[in-house]
1. Limited to the stretch C:7-28, what total is found for residues that are under 23 Å from residue A:10 (Cβ atoms) and touching a Leu at 6+ places or on another chain (Cβ under 6 Å)?
2. When you scan the stretch B:16-109 for strands (runs of 3 or more DSSP E) that lie fully inside it, which ones turn up with 3 or more residues that are at pLDDT 95 or above and closer than 30 Å to residue C:93 by Cβ?
3. Taking the stretch B:93-109 on its own, how many of its residues are more than 11 Å from chain A (Cβ to nearest Cβ) and either within 10 Å of the chain's Cα centre (by Cα) or open to solvent by less than 10 Å² (accessible area, probe 1.4 Å) (or both)?
4. Got a number for residues in the stretch C:9-49 being open to solvent by 60 Å² or more (accessible area, probe 1.4 Å) and either touching a helix residue (DSSP H, G or I) at 6+ places or on another chain (Cβ under 6 Å) or within 14 Å of chain A (Cβ to nearest Cβ) (or both)?
Amino acid sequence: MKLVIVILQDKDAPLLLDALNEKGVQATKLASSGGFLRSGNTTLLIGVSKEKVHEVIDSVKEHCSSRKQMVNPVSPVGGTTDSYLPFPVEVTVGGATIFVVDVENFEQV
Amino acid sequence: MKLVIVILQDKDAPLLLDALNEKGVQATKLASSGGFLRSGNTTLLIGVSKEKVHEVIDSVKEHCSSRKQMVNPVSPVGGTTDSYLPFPVEVTVGGATIFVVDVENFEQV
Amino acid sequence: MKLVIVILQDKDAPLLLDALNEKGVQATKLASSGGFLRSGNTTLLIGVSKEKVHEVIDSVKEHCSSRKQMVNPVSPVGGTTDSYLPFPVEVTVGGATIFVVDVENFEQV
Ligand code: NI
Ligand code: NI
Ligand code: NI
């Protein structure tokens, strides 16, 4: 048995939890902040057999990988200069950190 | 030294914490949700010597095991039919998941 | 790779997080309570290479060690007896518990 600890962005959590659920993998969600990811992150505790660890990691890669996204910046309030021309900017979203730890003893009671 | 991670239902936490405290075992409580247990769960981090792990597991089994409970369903509001006869139904409550992880280095400062 | 789990008092967290940040070490913060420390504690998850574990422990010792502090007690409301003479009392603050756990597999995606 292994314990997989995943730290991911809040907004990527629902899709990952759905994907894990479809594979019959249960996760416990802890409220967390800061650190590996700037703000609003979630920490998941996932207990799986050694054989299923790579499936969990695959799901995290699929749903939480760091990626580029085009975002329309908010127009400046009261901006009136003719030279202002808003255009989408590229930002990085997502990203996750995964720790796999050995479990010596696992019980469900 | 071992780290025992217990995920249990919120309502079983106070009795377990009391039982651990009587054995001189301290636990740190993390707010958690979903996953192994449907809703309102608590995650405990418990650091104990190898020799005391079974005592912690015994306490979890005693206070948190999955069990049947008879619950009186709430009467339907404004229910007036003579045929309605409320009776207790059996539900499953409690349950806990336990992970024991080896601790390579333990310090209190 | 090692996972260092630190349980410390809330009020010591900002200085420790700054110190870790200066060393290029990232920490994820979990809300926690009770247990090792009486009230208002924080749990940090810190992933570092084996070589940097002692640096993390050094930072925790420097910023979170249990220490004595003189505190001025609050005057009793409406206290009027001439015999009342407030004086500072010594209290213990800080303190932290550190667990170091081996990480079998570490990934950032
Ligand atoms: Ni695969
Ligand atoms: Ni026993
Ligand atoms: Ni050093």
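The values are calculated or read from the model by the stated rules, or taken from the named source; none is laboratory data. This one's a predicted model, so the numbers in the text were calculated from it and none came from an experiment. Cβ atoms come from the backbone with ideal geometry, glycine included; neighbour counts cover every protein chain shown. Ligands, DNA and RNA are excluded from the accessible area calculation, which covers all protein heavy atoms including side chains. Shrake-Rupley method; radii C 1.70, N 1.55, O 1.52, S 1.80 Å.
1. Of the residues in the stretch C:7-28, 2 are under 23 Å from residue A:10 (Cβ atoms) and touching a Leu at 6+ places or on another chain (Cβ under 6 Å).
2. B:41-48, B:105-108
3. Number of matching residues: 1.
4. Number of matching residues: 10.
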